[in-house]
Amino acid sequence: MIRALKEHKESYLLLTPYMIFFLAFTIAPVIICIALGFTYFSMVEPPRFIGWHNYVRMFLDDDVFIIAVKNTLIFAFITGPIGYVLSFIVAWMINDMPRTIRSILTTIFYIPAIAAPSIYPMWFQVFSPDEYGYVNSFLINLGFIDQPVAWLLDPKYMMGVLILIQLWLSLGISFLAFVAGLQTIDKSLYEAGVMDGIKNRFQELWYITLPSMVPQLVFGAVMQIVASFSIADVSIELAGFPSTDYAAETIVTHLRDYLNIRYELGYTSAISVFLFLMMVFSSRLTTKLLHKVGS
Amino acid sequence: MWMIKTSKAGAKARRSFSGNLAMYALVGALALLSALPLIYTFINSIKPVDELYQFPPKFTVARPTLDNYSELYQLASTIWVPLSRYMFNTLFVATAGTLLHALFATMAAYPLAKHRFPGKNVVFSAIVLGLMFVPAVTFMPLFVIMSETKLLNTYGALIFPGIGVSLGLFLMKQFIEQLPDPILEAARIDGANETRILFRIIIPNATPAIMTVILFQFTQMWNFTQTDLIFSESLKTLRAALEQIVPKGDPILRAGAGSAASVILMLPPIALFILIQRKVVETMTFAGIK
């Protein structure tokens, strides 16, 4: 052990500054969550061990948590795959275009992902509950509705609107990885493909393109899964906190509720652990599936 | 050269003219949908009050004005902390956090990519797993850690968590890994130590990745609002300040001055991305998980 340290002193020294921050602010929080998940803790008194109680409570005694899980799964199963496929298809469609056009389009498609937190308020005007809102005035003019609809307040429409907005901003880091990955595919593979009788671009996509970019596809999937399971901002900013009848509550907004309003840190920890396990499990599963692509 | 290139392009599977046309039309429509909300925000920010509230609402602006921006400025000067202080806070936090993250991540990425040492695989697996430890999962324990270490309500609470983020180190390591080994060997034979190799060879050759890491980290820190960690007005960032001075109950101010605030807040990350877009794409080439 000490010999290894001495022998590789330079490697370890270079790693140290980063690892201090990584362990203190990325790893330690997860360990704290796991530990506090078995306690009752309100920051006022020291944590008290209560076993699996928090986990039992989550599923048997917290109706809003069940709504939150349901909504998170709806978000994850709709915005996750659609956002992922959309990122890939757009990247694939712009791949053959001239370099300058491709650069401009990459920028246009990526900007929503970095500008979204700044323009949430704008969506209020678009989906405003009175007839001054764009969507309402548009639909009233076309005669589809005669009364303005409270898109972001009515539980019936809330999730649909939030899913649309979330899809708008979902061409993020996975999209960039796909744009880059498509550029590096060995051109001779395509030539060989033509020799082997590949006729159209869809066959080319399935037999050559996709199998050559499995690593980027896996990276994109992990990033997309993390993003869709932790959806919260769009709900808090637009549907309110809490939303009408908790109709847009997600696991992360539920976390914030128990942390910022109720100060139940033990219970919050248990929910965090649950969310984290869901992310790891889905990432593993998706990675396995993606390694089967094209075979 | 030219001949070889054209013949290569010709060897791709057949692209029909109508297929290309359909593709351009579809991409054009999607690009418009993607950009529309941003254009709309900008147009709203230069609309006079009567145009903001007319029925039916119009997408275009008849008499553009900067009133909303001066309104926002006036609102900002009614609070006792001067606007310049918020700007300083934002720039200080985002710059310090971004540069420290980029420096430490590059230092750590070099041995992970090019050295062999015990524990290397464990460290890298932890970092890939760390890609999933997003603020959404860790903000609660972070609050506990900050309050236990007396960092709550200091710049440290905003800066430190960002330094240990996984994504930057992951991208750096993948990029450095593909740099050719022979130049490193040559430097070692010339007697350079590892720190010297890092600063003289690795860093100059990894600038695309460093700039990409800077972009992602700056955007993350710029877009971050963690109101729990800071409660002194004089330590808050521009985003927190602008979000609280535009009164939520006043629809007109919210539409006008609010749009102006949105435009100001969204510009820096967009400008940075446009500047280094090519480097980002170059770096993301290596961002695969096997």
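The values are calculated or read from the model by the stated rules, or taken from the named source; none is laboratory data. Nothing here was measured: the structure is a model prediction, and the numbers come from that model. Here Cβ is always computed from backbone atoms with ideal geometry, including for glycine, and neighbour counts include all displayed protein chains.
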(request) Considering each residue of the stretch A:43-74, count those that are at pLDDT below 90 and under 22 Å from the mean Cα position of the chain (by Cα), and give that number. (result) 0
(message) Go through (1) in contact (Cβ under 8 Å) with a residue 12 or more places away in the chain; (2) surrounded by fewer than 19 Cβ atoms within 10 Å (Cβ to Cβ); (3) out of contact with any Ser or Thr (no Cβ under 7 Å at 6 or more places or on another chain); (4) over 14 Å from residue A:90 (Cβ atoms) for residue A:187 and report which single condition fails.
(response) (1)
(message) Step by step: first the residues of the stretch B:1-55, then only those that are charged (D, E, K, R) and modelled with pLDDT of 75 or more, then the one that is farthest from residue A:169 (Cα to Cα). Which residue is that?
(response) B:50
(request) Quick one: in the stretch A:116-134, of everything that is more than 12 Å from residue A:152 (Cα to Cα) and more than 7 Å from every other protein chain (Cβ to nearest Cβ), which residue is surrounded by the fewest Cβ atoms within 10 Å (Cβ to Cβ)? (result) A:120
(request) Examine the stretch B:185-196 for a residue that is polar (S, T, N, Q), within 26 Å of residue B:278 (Cβ to Cβ) and surrounded by 13 or more Cβ atoms within 10 Å (Cβ to Cβ), and state whether such a residue exists. (result) no
(message) Quick check on my filter: what residues within the stretch B:130-183 are free of Cβ contacts under 8 Å to residues at least 40 places away in the same chain and of a type in the set (D, E, K, R)?
(response) B:148, B:150
(message) Tell me whether the stretch B:149-161 contains one or more residues that are among the charged types (D, E, K, R) and within 11 Å of chain A (Cβ to nearest Cβ).
(response) no
(request) Could you please find all residues in the stretch B:75-91 being surrounded by 15 or more Cβ atoms within 10 Å (Cβ to Cβ) and in a helix (DSSP H, G or I)? (result) B:75, B:76, B:83, B:85, B:86, B:89, B:90
(request) Give the residue, chosen from A:110, A:40, that is surrounded by 15 or more Cβ atoms within 10 Å (Cβ to Cβ), of a type in the set (Phe, Trp, Tyr) and more than 26 Å from the chain's Cα centre (by Cα). (result) A:40
(request) Can you give me the number of residues within the stretch B:107-124 that are surrounded by fewer than 24 Cβ atoms within 10 Å (Cβ to Cβ), facing chain A (nearest Cβ under 8 Å) and touching a Lys or Arg at 6+ places or on another chain (Cβ under 8 Å)? (result) 1
(message) modelled with pLDDT of 90 or more and facing chain A (nearest Cβ under 8 Å): is that true of residue B:104 in this structure?
(response) yes
(message) Quick check on my filter: what residues within the stretch B:187-217 are within 12 Å of chain A (Cβ to nearest Cβ) and among the hydroxyl-bearing types (Ser, Thr, Tyr)?
(response) B:195, B:212
(request) Could you list all residues from the stretch A:197-213 that are within 11 Å of chain B (Cβ to nearest Cβ) and modelled with pLDDT of 85 or more? (result) A:203, A:204, A:205, A:207, A:208, A:209, A:212, A:213
(request) Could you figure out which of (1) charged (D, E, K, R); (2) more than 24 Å from the chain's Cα centre (by Cα); (3) modelled with pLDDT under 85 isn't true of residue B:243? (result) (2)
(message) Return the residues of the stretch B:142-159 that are closer than 13 Å to residue B:231 by Cβ and either under 22 Å from the mean Cα position of the chain (by Cα) or in a helix (DSSP H, G or I) (or both); say none if nothing qualifies.
(response) B:143, B:146, B:147, B:157, B:158
(request) Among the residues of the stretch A:273-291, count how many are of a type in the set (D, E, K, R) and at the interface with chain B (Cβ under 9 Å from one of its Cβ atoms). (result) 0
(message) Take residue A:235 and tell me if it is over 22 Å from residue B:284 (Cβ atoms), away from chain B (no Cβ under 11 Å), assigned to a helix (DSSP H, G or I) and modelled with pLDDT under 90.
(response) yes
